[in-house]
Amino acid sequence: MSIKVLLPTAFIRHTDGVKKVDSVATNLPGLVDDLGVKFPALGAHIKDEQGKLRPFINVYVNDEDIRFLGGESHTFEDGDEIMLIPSIAGGCV
Amino acid sequence: MPTMPDLKEVALPELSNDEISRYSRHLILPEVGFEGQQKLKAAKVLCVGTGGLGAPLAYYLAAAGIGTLGLVDFDVVDASNLQRQIIHSTSTVGQLKVDSAEKKLKDLNPYMNVVKHNVMLRSDNALEIFKDYDIIADGTDNFQTRYLVNDACVLLNKPNAYGSIFRFEGQASVFATEEGPCYRCLYPEPPPPGLVPSCAEGGVLGILPGLVGVIQATEVIKLILGIGEPLVGRLLLVDSLSMSFRTLKLRKNPKCPMCGTHEIKELIDYDQFCGIAPPTTTGPLEVAQHAAVGDVPVQDGIPQITVEELKAKRDRGDDFVLIDVREPHEYRIANLGAPLYPLGEIGSKLNELAQYKDKEVLLHCRSGARSQKAALELKAAGFSNVKNVAGGILAWAEKIDPTMPKY
């Protein structure tokens with residue numbers, strides 16, 4: 001079982017430019033931990049003091065918001081495509 | 001399908017012969033037609049920001065024949081804006097952005113009204129400004145104003161054509177319609193301050209706001225005409241490097257304190273909500289956002305020193321180490337000859353830096369924001385005497401060495 005994780009440009013400075021990564025995590029807390037192991041700098045960026053994903057980052061499972069699939073308790077399936085979507089504010093002065 | 005609430009109740013404005021010629025390509029489109037063009041003329045759209053997103057947005061809306069275009073901006077045109085803000089010109093550098101934008105819009109289309117709001121949008125003026133418009137287009141550049149625009153739109157029941165950008169990626173949606181989600185449904189909380197770099201710190205591909213701003217303009221036009229499927233309940237992701245567009249489903253959050261439970265009944269203090277110091281009321285946003293760094297002698301336990309003090313220390317031959325925490329590509333543009341340790345690499349290079357642990361270490365970057373973060377990092381790692389050069393190399397170029405390029 002493996003899932004595909006797509007990372008936004010905003011994160012690639014913490015991943016040495018990697019935008020796509022495979023993971024064997026079965027749920028969101030597992031994925032957050034796995035990303036922290038694969039990319040320690042990214043882990044520090046996206047995890048809060050309790051080790052949870054910061055709320056300004058949304059998680060989509062096959063184009064559906066994980067909050068509406070059960071959030072942390074949702075179980076990933078083989079081949080799922082997971083996207084992390086952070087809020088960005090730029091309109092540029 | 002959201003449509004303009006009261007356009008049909010008022011008599012639609014007539015089109016002159018000149019206007020009929022001008023809008024001919026719209027008039028022969030059945031989906032727009034004569035009545036559609038009249039609706040565009042009757043419409044009042046507010047562009048919040050006339051920067052990267054606001055520039056193409058306002059320009060195309062003016063071309064399309066929007067009758068009244070409001071512009072909110074308190075900034076002045078800077079040369080570094082012109083790489084993307086096509087509504088401003090080399091000849092208007094230094095002028096108020098609303099004045100500069102008005103010139104170009106009126107030159108393009110004299111048959112429209114431009115209403116200038118040369119103010120910083122705040123909780124105490126947003127509702128008053130918004131109330132006269134049918135649609136709000138959010139092209140701002142910071143989280144505080146994003147939440148402020150969203151909340152004002154929900155309170156006044158006005159759709160928000162939303163766009164935001166970062167480096168090579170953009171997001172667009174239509175928020176705050178009656179049936180659709182609002183910005184808070186998508187992002188209930190802003191990121192912790194300092195975690196997400198602004199375009200001024202992170203850079204942006206100049207064409208990207210053109211792509212995203214024109215998507216916002218398209219949504220505005222569709223909402224006015226009541227045609228097509230607006231981006232209500234969908235988030236469009238634009239990746240200009242892979243040139244891929246993808247839409248994600250957005251849902252209204254029943255627990256959203258703004259549009260779900262309605263527990264927020266008025267505008268709040270958005271600087272506090274986003275955990276930042278209130279910006280000053282003058283000067284470019286980029287500078288205003290970091291004003292606190294230069295204005296206080298100590299920031300979060302890090303002493304701030306001015307470029308004048310740095311110059312004096314150098315001239316006296318004081319014993320200190322100056323470190324540049326920018327990126328290598330920035331170093332090529334301008335530098336002070338200091339060794340380069342990019343902010344993101346400091347954590348992994350603490351061993352190398354350990355020789356300076358008990359020396360006076362001065363850190364600088366472009367404007368003073370990244371070097372402040374680096375200073376905090378070094379202090380936490382046990383460095384005993386770390387200071388931040390307020391205003392960075394930009395301040396150096398401004399005050400010490402006018403031959404140095406500013407970027």
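Matching residues to (1) at pLDDT below 95; (2) within 20 Å of A:V61 (Cα to Cα); (3) in contact with a Cys (Cβ under 8 Å, 6 or more places away or on another chain):
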position: B:G206; (1), (2), (3): yes, no, no
position: B:V212; (1), (2), (3): no, no, no
position: B:L237; (1), (2), (3): no, yes, no
position: B:R251; (1), (2), (3): yes, yes, yes
position: B:P254; (1), (2), (3): yes, no, no
position: B:M258; (1), (2), (3): no, no, yes
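Just need a number here: residues in segment B:296-312 that are within 15 Å of B:F383 (Cβ to Cβ) and part of a strand (DSSP E or B). Break it down into steps so the answer makes sense when it comes.
Restricting attention to segment B:296-312, the residues satisfying the condition of being within 15 Å of B:F383 (Cβ to Cβ) are B:300-303.
Next, only the ones that are part of a strand (DSSP E or B) stay: B:302-303.
Residues that pass the stated criteria total 2.
If you go through segment B:224-239 and pick out every residue that is touching a Lys or Arg at 6+ places or on another chain (Cβ under 6 Å) and within 11 Å of chain A (Cβ to nearest Cβ), you end up with 1.
Report, by residue number, each residue of segment B:250-276 that is within 14 Å of another protein chain (Cβ to nearest Cβ) and loosely packed, with under 13 Cβ neighbours inside 10 Å.
B:P254, B:K255
Scoring A:A25 on the criteria (1) away from every other protein chain (no Cβ under 11 Å); (2) under 26 Å from B:Y147 (Cβ atoms); (3) in contact with a helix residue (DSSP H, G or I) (Cβ under 7 Å, 6 or more places away or on another chain) leaves a single failure, condition (2). Annotation: of all residues in segment B:104-130 being of a type in the set (S, T, N, Q) and in contact (Cβ under 8 Å) with a residue 24 or more places away in the chain, the one that is farthest from B:L40 (Cα to Cα) is B:S123. In segment A:55-93, of all residues being at the interface with chain B (Cβ under 7 Å from one of its Cβ atoms) and charged (D, E, K, R), the one that is nearest to A:L6 (Cα to Cα) corresponds to A:D63.
When residues of segment B:131-161 are filtered for being among the aromatic types (F, W, Y) and either within 12 Å of B:L223 (Cβ to Cβ) or more than 14 Å from every other protein chain (Cβ to nearest Cβ) (or both), how many remain? First the steps, then the outcome.
The first filter runs over segment B:131-161 and keeps only residues among the aromatic types (F, W, Y), leaving B:133, B:143, B:147.
Remaining after also requiring either within 12 Å of B:L223 (Cβ to Cβ) or more than 14 Å from every other protein chain (Cβ to nearest Cβ) (or both): B:133.
Residues flagged as among the aromatic types (F, W, Y) and either within 12 Å of B:L223 (Cβ to Cβ) or more than 14 Å from every other protein chain (Cβ to nearest Cβ) (or both) within segment B:131-161 amount to 1.
Scanning segment B:23-43 for residues that are crowded, with 18+ Cβ neighbours inside 10 Å and not hydrophobic (A, V, I, L, M, F, W, C) yields B:Y23, B:H26, B:G36, B:Q37, B:Q38, B:K39, B:K41.
Quick one: would you say B:V361 is surrounded by 15 or more Cβ atoms within 10 Å (Cβ to Cβ), in contact with an Asp or Glu (Cβ under 9 Å, 6 or more places away or on another chain) and not acidic (D, E)? Give the derivation first.
Working: surrounded by 15 or more Cβ atoms within 10 Å (Cβ to Cβ): yes; in contact with an Asp or Glu (Cβ under 9 Å, 6 or more places away or on another chain): no; not acidic (D, E): yes.
It is false that B:V361 is surrounded by 15 or more Cβ atoms within 10 Å (Cβ to Cβ), in contact with an Asp or Glu (Cβ under 9 Å, 6 or more places away or on another chain) and not acidic (D, E).
Residues in segment A:43-54 that are within 13 Å of the chain's Cα centre (by Cα), more than 13 Å from A:L28 (Cβ to Cβ) and within 11 Å of chain B (Cβ to nearest Cβ): A:A44, A:H45.
Give me the residue from segment A:1-25 that is among the polar types (S, T, N, Q) and surrounded by 15 or more Cβ atoms within 10 Å (Cβ to Cβ) and, out of that set, nearest to the chain's Cα centre (by Cα). Before the answer, list the steps.
Step one: of segment A:1-25, the residues among the polar types (S, T, N, Q) are A:2, A:9, A:15, A:23.
With surrounded by 15 or more Cβ atoms within 10 Å (Cβ to Cβ) added as a condition, the list becomes A:9, A:15, A:23.
Numbers: A:T9: 13, A:T15: 12, A:S23: 11 Å.
Ranking the qualifying residues of segment A:1-25, first place goes to A:S23.
For segment B:270-284, filtering for residues that are over 22 Å from B:D300 (Cα atoms) and modelled with pLDDT of 90 or more leaves 0. Within segment B:240-249, the set of residues being out of contact with any Lys or Arg (no Cβ under 7 Å at 6 or more places or on another chain), within 11 Å of chain A (Cβ to nearest Cβ) and surrounded by fewer than 17 Cβ atoms within 10 Å (Cβ to Cβ) comprises B:L241, B:S242, B:S244, B:R246.
Would you be able to say whether some residue in segment B:92-99 is among the hydrophobic types (A, V, I, L, M, F, W, C), surrounded by fewer than 20 Cβ atoms within 10 Å (Cβ to Cβ) and at pLDDT 95 or above?
Of the residues in segment B:92-99, the ones among the hydrophobic types (A, V, I, L, M, F, W, C) are B:93, B:96, B:98.
Filter again for surrounded by fewer than 20 Cβ atoms within 10 Å (Cβ to Cβ), leaving B:93, B:96.
Subset that is at pLDDT 95 or above: B:93, B:96.
Within segment B:92-99, one or more residues are among the hydrophobic types (A, V, I, L, M, F, W, C), surrounded by fewer than 20 Cβ atoms within 10 Å (Cβ to Cβ) and at pLDDT 95 or above.
Can you name the residue in segment B:168-188 that is within 11 Å of chain A (Cβ to nearest Cβ) and out of contact with any strand residue (DSSP E or B) (no Cβ under 6 Å at 6 or more places or on another chain) and, of all such residues, is farthest from B:E266 (Cα to Cα)?
First, the residues of segment B:168-188 that are within 11 Å of chain A (Cβ to nearest Cβ): B:168-171, B:181, B:183-188.
Add one more test, that the residue is out of contact with any strand residue (DSSP E or B) (no Cβ under 6 Å at 6 or more places or on another chain), and what stays is B:168, B:181, B:184-188.
Numbers: B:F168: 35, B:P181: 18, B:R184: 15, B:C185: 17, B:L186: 20, B:Y187: 19, B:P188: 17 Å.
So, considering only residues that are within 11 Å of chain A (Cβ to nearest Cβ) and out of contact with any strand residue (DSSP E or B) (no Cβ under 6 Å at 6 or more places or on another chain), the one farthest from B:E266 (Cα to Cα) is B:F168.
The values are calculated or read from the model by the stated rules, or taken from the named source; none is laboratory data. Owing to the predicted nature of the structure, the values given are computational and were not obtained by experimental measurement. Quick reminder, even Gly has a Cβ in these numbers, built from the backbone with ideal geometry, and neighbours come from all protein chains shown.
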